[in-house]
Amino acid sequence: MTFPTFPDKSEYGAFYEGYVSNAVSDDIKASLRENRDAFIALFADLSEEKMEYRYREGAWSIKELIQHITDSERVFAYRAMCIARGDEGPFPGYEQDDYVAVLDLTGLSKEQLVFDFVMNRNAVISMLSNLREEEWQRKGVASGSPASVRAIAHIILGHCKHHMQIIEERYL
């Protein structure tokens, strides 16, 4: 299969450019699997204490970042599934800070958070793996911007890579 190809800038909002450009891939599904494995490795040796670390006052903890990544992928994947099924939306945005503000991760271990991410990522990969070429090309509107299924897949990858880079640079 030759699909999906890399999305055109007309298939996603300007806000997502950084994520999409961080996800250049000839095989987005393989890249999502590789990124999942790199995500697991990133946290493998971190202590539970380190998971609470914030690099500055008001910054999210590593645990909150992991949950944010998982929550965001769920939102993105829902949009991709709906658009693939012919629902053009519009799909509302979501306020990430509001989501994190009400999180209570007390009692959730690093292993539980990483496991939840992995299970969600596996579901995303499974969903994308079952799409036909025409479904990858479908477009809708999300967060007030154009959104194609193939662009959303690249946004999922690029968003995770973005936050992994932040964790490596500012937290570790």
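The values are calculated or read from the model by the stated rules, or taken from the named source; none is laboratory data. Worth saying up front: this structure is predicted, and the values here are computed from it rather than measured. In this analysis, Cβ positions are derived from the backbone assuming ideal geometry, glycine residues included, and neighbour counts consider all displayed protein chains.
Values computed for the structure shown
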{"read-out": "First in region 54-70 and part of a helix (DSSP H, G or I), second anywhere and surrounded by fewer than 18 Cβ atoms within 10 Å (Cβ to Cβ) and acidic (Asp, Glu), Cβ under 6 Å, 6 or more apart", "value": "Thr70/Asp116"}
{"read-out": "Complete set of residues in region 26-36 that are over 14 Å from the mean Cα position of the chain (by Cα) and either among the acidic types (Asp, Glu) or farther than 22 Å from Ala151 by Cα (or both)", "value": "Asp26, Asp27"}
{"read-out": "Total residues in region 140-172, condition of a type outside the set (Asp, Glu) and in a helix (DSSP H, G or I)", "value": "21"}
{"read-out": "Failed item in (1) without any contact (Cβ under 8 Å) to a residue 40 or more places away in the chain; (2) buried (at least 16 other Cβ atoms within 10 Å of the Cβ); (3) over 26 Å from Gln112 (Cβ atoms), with Asp26 passing the rest", "value": "(2)"}
{"read-out": "Whichever residue in region 86-127 is closer than 16 Å to Phe39 by Cα and of a type in the set (Phe, Trp, Tyr) and, among such residues, is surrounded by the fewest Cβ atoms within 10 Å (Cβ to Cβ)", "value": "Phe115"}
{"read-out": "Count - residues of region 120-138 that are out of contact with any Asp or Glu (no Cβ under 9 Å at 6 or more places or on another chain) and among the basic types (Lys, Arg)", "value": "1"}
{"read-out": "Any hit, region 155-166, residues being surrounded by fewer than 17 Cβ atoms within 10 Å (Cβ to Cβ), at pLDDT below 95 and under 26 Å from Asp37 (Cα atoms)", "value": "no"}
